[in-house]
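S.K.: Below is a structure I'd like to ask you about.
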Amino acid sequence: MNDIRNEDGIMSDEFDVIIVGGGPAGLTAAIVAARNGLNTLVLERGEYSGSKNVFGGVIYTNTLRKLFPDFQKDAPIERPITRRRLTFMDEKSYFSVDYKNYGFRDNFINGFSTFRSKFDAWLAKKAEDAGALIATGVKVDSLLHKDGKVSGVISGNDQMEGKMVILADGAVSLLAMSEGMKGWPDPNNYGVGIKEVFQLTEEEVNKRFGITSKDGIEDLIIGYPTKYLRGGGFIYTFRDMVSVGVIVSLEALRKSEHYAIDIIEDFKEHPMVQDLISGAQIKEYSAHAIPEGGLRMISKLYRDNVMVVGDAAGLVNSSGIYLNGVEIAMKSGMIAAEVAVEANKKKDYSEKTLSVYERRMNDEILIEFRNLKDAPYFLENPRMYNYYPKFVNQMMEKMIISDGIPKEALINMIKGKEKWELIEDALRGLKAL
Amino acid sequence: MGIDRRCAQGVEGSMKMNIDDRLALVKYKVDNRPHIILKDDKVCDTCEGKYCVHVCPASCYRIENNRVIFHYEDCVECGSCLISCDKKNIDWNYPRAPYGVTFKFG
Ligand SMILES: Cc1cc2nc3c(=O)[nH]c(=O)nc-3n(C[C@H](O)[C@H](O)[C@H](O)COP(=O)(O)OP(=O)(O)OC[C@H]3O[C@@H](n4cnc5c(N)ncnc54)[C@H](O)[C@@H]3O)c2cc1C
Ligand code: SF4
Ligand code: SF4
C-alpha cells in the first residue's frame, strides 16, 4: 500500500485512480478499484468518512449486496425497513397508504435504516481492507492539469498525481463546476433537507410505531410538513431513535414567505409527530442540499482522465416521494470503477475509453430516471403539495361526518375545473408510479 | 430581536426549539477565517428576494438594521445559500480541513 508521503514529505508515485470524496459513491468506487488491483487513493475532507454527511435514514441494498453478499454480518444496521407509508397531511389530520411486508425482515430488500456517520465509516473500513488508501481531513481545492488534461488533485500546498480522477464530492460539487462539467446550480434542481434525531428506548420506538424489533418504518409525508411547498417530510425508525425531517425545494422555499429554520419545528408540532416523539430527547440537528432535478440536471459524466459519480453528477433518484440517493451513488461508483479498471488494463484513460461509463449509466441507471419521466410533471405539479393533501383529508372528514349525504354531494365539492385537473393528475400520477 | 429571528421560540409544553439551541447540539471546529464571503454588500442591499435568509438552515444570514449580515461560524456546509443566490454574490467554499461541522449521527 502506498503512503501519501515519504519521510521527506514528498508524494509517492502516481496513483492509478484518485477519488475525491469518501461518501457512498467514492468509497464504492474505491472498493471496486482496489479489489481489482488499482493503486487507489481516496481523499475525504471530513475527520472521518460520514462526519460531514446527512441523509434521512434508509439504504437500499442492491449494490451493497453485490459488493458484500453477507453485509448483514457487520454493517451498522439499525432496523430493516418492513413498512412504508405515504401520507397526505393537513394541520389536523392525515391520510396514509401503509404497506408492510414481513418478508423484508430477513432479506433487507426494502433496505435498512442507519446513520451516515456509522455507515460511511464502515464502508471506508471496507475500502481500506480492499487495499485503498484513505486520507481523511484532506480537502481537495482544485484539480491538477497537464497538457490541458486532468492529471491529479491539489490540496493546499500538496499535489497528488493520478492517471484518473473520480469526482465523488457530493451535491455541491465545486470541482465538477470548476471543470465545466456542471453548470451553476439551479435552485429548481435542488432541495434542502433538514433533519432532527430523537432518543427513545427500543421498546418505546416499538410501542409508538406499533412494530416489533424486527421491523422499521419509513413514512414520507406530503403537504403540511413543508407548508404545502414542493417537497415532503420524512420519519424513520432506528433501533432506539427516530428521525424527523423535511426536504423542501429551494426554488419553492426561497420565493415563499417561509424560513428553513421554522419549517421543521412546525412539522414537529403536528399531533401525529408529537405522538411519536413527545418527551424524547433531541440529539442532533443537521442539514444538507439534495439534488432532485432527475434527468434534467445530470452533468457531463466524463472527460479525458476524469469521471463524476453520485450526487456530484446529480444522480439522486428523488421524486420527492421516494428517496434513493445512496444506492444510486454506490451503483454509479461501482460502474465508474469498473470502467477505470478496464482503462487501466488498456493504459488508455481517454474520453473515448471512459465514455463506456456514460453508456453503462444510461443502460443501467438512467433508464430508471427515464421511466420516471412523467414523475417530474406529477411531482412538480404544485397541486400535489398544496391541494391534494388538504383535499384528501377534507374528503375523508366529510365522508365520516356526513353519513347520509349522497356521494354526489361529495363529488360536487370538487369544482368543475378542478375535477378535470384531478382526473388528469390521477392519470399522470398512475403512469409515473 | 428583529424580524430576522423568525425562528421558532422555545415554548413551554412545546418541542419547538429556537435555532441557537438546535445548533448547540452540533459539533464544530471553528476556523479563524470564514469559508464563505459575501462578495459585494451593495448587491445584497438592493437584493429584493434575500433568498439566503430564507433557505439557510443554520440562520447564518440575518437581517440587522436592514442589512444582510453573514456569520460563518454556525454553517453546516449544506450549500443551499450558494444554490439560491441568483445574484451569484456568495463566494462559497467548504471550510479547509480539519475545520467545520462534524455530525455524530447524520
Ligand atoms: C435530508 C436528506 C435525506 C436523504 N435521505 C436519503 C435516504 O433516506 N436514502 C437515500 O438513499 N438517500 C437519501 N438522501 C440522499 C443521499 O444522502 C445522497 O444521495 C448520498 O449521500 C450521495 O452520496 P455521494 O457519495 O454521492 O455524496 P456524499 O454522501 O455527499 O459524499 C460526498 C463526500 O465528499 C466529501 N467532499 C466534498 N468535497 C470535497 C473535497 N473538495 N475534498 C475532499 N472531500 C470532499 C464530503 O465530505 C463527503 O463525505 C438524502 C439526502 C438528504 C439531504
Ligand atoms: S440572496 Fe444573494 S444577493 Fe440576495 S441578500 Fe442573499 S447573498 Fe445577497
Ligand atoms: S452552506 Fe448552508 S448552512 Fe452554510 S451558510 Fe449556506 S445555507 Fe447556511
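The values are calculated or read from the model by the stated rules, or taken from the named source; none is laboratory data. If you're wondering where the values come from, they're calculated on a predicted model, not measured in any experiment. Glycine also receives a Cβ, built like all others from the backbone with ideal geometry; neighbour counts cover every protein chain displayed.
S.K.: Take the stretch A:259-301 and flag every residue that is under 30 Å from residue A:147 (Cα atoms) and surrounded by fewer than 22 Cβ atoms within 10 Å (Cβ to Cβ).
M.R.: A:297, A:298, A:299, A:300
S.K.: Out of the stretch A:107-118, which residues are more than 16 Å from residue A:65 (Cα to Cα) and over 15 Å from the mean Cα position of the chain (by Cα)?
M.R.: Of everything in the stretch A:107-118, just one residue is more than 16 Å from residue A:65 (Cα to Cα) and over 15 Å from the mean Cα position of the chain (by Cα), namely A:118.
S.K.: Confirm whether residue B:47 is outside any strand (DSSP E or B), in contact with a Lys or Arg (Cβ under 8 Å, 6 or more places away or on another chain) and more than 8 Å from chain A (Cβ to nearest Cβ).
M.R.: yes
S.K.: If we keep just the residues of the stretch A:31-49 that are in contact with a strand residue (DSSP E or B) (Cβ under 9 Å, 6 or more places away or on another chain) and assigned to a loop (DSSP other than H, G, I, E, B), which is nearest to residue A:325 (Cα to Cα)?
M.R.: Among them, the one singled out is A:49.
S.K.: What do you reckon, is residue A:302 in contact (Cβ under 8 Å) with a residue 40 or more places away in the chain, among the hydroxyl-bearing types (Ser, Thr, Tyr) and either facing chain B (nearest Cβ under 10 Å) or within 16 Å of ligand 3 (Cβ to nearest atom) (or both)?
M.R.: Against the criterion (in contact (Cβ under 8 Å) with a residue 40 or more places away in the chain, among the hydroxyl-bearing types (Ser, Thr, Tyr) and either facing chain B (nearest Cβ under 10 Å) or within 16 Å of ligand 3 (Cβ to nearest atom) (or both)), residue A:302 does not qualify.
S.K.: Which one is nearest to the other protein chains (Cβ to nearest Cβ) among residues in the stretch A:184-212 that are surrounded by fewer than 21 Cβ atoms within 10 Å (Cβ to Cβ) and free of Cβ contacts under 8 Å to residues at least 24 places away in the same chain?
M.R.: By that ranking, first place goes to A:184.
S.K.: Identify all residues within the stretch B:89-103 that are more than 7 Å from chain A (Cβ to nearest Cβ) and either of a type in the set (A, V, I, L, M) or at positive phi (or both); write none if there are none.
M.R.: Scanning the stretch B:89-103 gives B:90, B:100.
S.K.: Checking residue A:256 against (1) away from every other protein chain (no Cβ under 12 Å); (2) surrounded by fewer than 24 Cβ atoms within 10 Å (Cβ to Cβ): exactly one of these is not met. Which one?
M.R.: The failed condition is (1).
S.K.: Additional query: Being more than 10 Å from residue A:216 (Cβ to Cβ) and surrounded by 18 or more Cβ atoms within 10 Å (Cβ to Cβ): is that true of residue A:74 here? Break it down into steps so the answer makes sense when it comes.
M.R.: On the way: more than 10 Å from residue A:216 (Cβ to Cβ): yes; surrounded by 18 or more Cβ atoms within 10 Å (Cβ to Cβ): no.
Answer is no for this residue.
S.K.: Go through (1) in a loop (DSSP other than H, G, I, E, B); (2) within 20 Å of the chain's Cα centre (by Cα) one by one and return the number of the condition residue A:69 breaks.
M.R.: Condition (2) is where residue A:69 drops out.
S.K.: Now for a separate question. Look through A:261, A:222 and report the one residue that is at the interface with chain B (Cβ under 10 Å from one of its Cβ atoms) and of a type outside the set (S, T, N, Q).
M.R.: Being at the interface with chain B (Cβ under 10 Å from one of its Cβ atoms) and of a type outside the set (S, T, N, Q) holds for just one of A:261, A:222, which is A:261.
S.K.: Next question, about the same structure. Against the definition (out of contact with any Cys (no Cβ under 7 Å at 6 or more places or on another chain) and closer than 25 Å to residue A:247 by Cβ), how does residue A:162 come out, yes or no? Lay out the reasoning, then the answer.
M.R.: Numbers: out of contact with any Cys (no Cβ under 7 Å at 6 or more places or on another chain): yes; closer than 25 Å to residue A:247 by Cβ: no.
Judged against the criteria, residue A:162 is not a match.
S.K.: Restricting to the stretch A:119-130, name every residue that is over 16 Å from residue A:329 (Cα atoms) and either within 16 Å of the chain's Cα centre (by Cα) or assigned to a loop (DSSP other than H, G, I, E, B) (or both).
M.R.: A:130, the sole residue that qualifies.
S.K.: Taking the stretch B:52-87, which residues are within 7 Å of another protein chain (Cβ to nearest Cβ), on the phi > 0 side of the Ramachandran plot and within 14 Å of ligand 2 (Cβ to nearest atom)?
M.R.: B:59, B:79
S.K.: Since residue A:327 meets every condition but one in (1) closer than 24 Å to residue B:83 by Cα; (2) within 14 Å of ligand 1 (Cβ to nearest atom), which condition does it not meet?
M.R.: The failed condition is (1).
S.K.: All but one of (1) touching an Asp or Glu at 6+ places or on another chain (Cβ under 6 Å); (2) within 7 Å of chain A (Cβ to nearest Cβ); (3) at pLDDT 95 or above hold for residue B:16; which doesn't?
M.R.: Among (1) touching an Asp or Glu at 6+ places or on another chain (Cβ under 6 Å); (2) within 7 Å of chain A (Cβ to nearest Cβ); (3) at pLDDT 95 or above, the lone unmet condition for residue B:16 is (3).
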